[in-house]
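The values are calculated or read from the model by the stated rules, or taken from the named source; none is laboratory data. Here the structure is a predicted model, which means the values were calculated and not measured. All Cβ positions, glycine included, derive from the backbone under ideal geometry; neighbour counts span all protein chains shown. These accessible areas exclude ligands, DNA and RNA; they are computed on the full protein's heavy atoms, side chains included. Shrake-Rupley method; radii C 1.70, N 1.55, O 1.52, S 1.80 Å.
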Amino acid sequence: LTDLALGMPIGCYTLAFVILHTVLTTQRRFLIGQGFWLVWPAFALSVLCVYTFVFLLYDATHALQIGWAVWEEGLLGMLMVCLALPVLLPFFHGMQRILERMT
């Protein structure tokens, strides 16, 4: 749905998220139990890597016809996502506790 909503070739974000999942799975032992000040930069790095990968993939599939304007617009989106994490993290943590009690 993300690909369709953003006009991307089908599978761009899917491939990016599968690669990210694989990388984060290898780092799971390191990230679990770490403080917020380590998790937040790791999240920001993940956002940057996914967006960069999708940008390069989109650029390659469109014969290098898009310019840096797309990248500059994406930087604002990445910044907003990274700044939203501290606000949304308590909600996600609460939801995780509720789901753990249900199982």
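Per this entry, Leu20 is not counted among residues that are surrounded by 14 or more Cβ atoms within 10 Å (Cβ to Cβ), under 15 Å from the mean Cα position of the chain (by Cα) and more than 17 Å from Met78 (Cα to Cα).
Within the bounds of the range 6-19, is there any residue that is touching a His at 6+ places or on another chain (Cβ under 9 Å) and either part of a helix (DSSP H, G or I) or not β-branched (Val, Ile, Thr) (or both)? Looking for residues that are touching a His at 6+ places or on another chain (Cβ under 9 Å) and either part of a helix (DSSP H, G or I) or not β-branched (Val, Ile, Thr) (or both), one finds at least one in the range 6-19, hence yes. Could you check the range 32-88 and list, in sequence order, the residues that are at pLDDT below 85, open to solvent by less than 80 Å² (accessible area, probe 1.4 Å), over 15 Å from Gly7 (Cα atoms) and not in a helix (DSSP H, G or I)? If the condition is that a residue be at pLDDT below 85, open to solvent by less than 80 Å² (accessible area, probe 1.4 Å), over 15 Å from Gly7 (Cα atoms) and not in a helix (DSSP H, G or I), then Ala63, Gly67 are the ones that fit.
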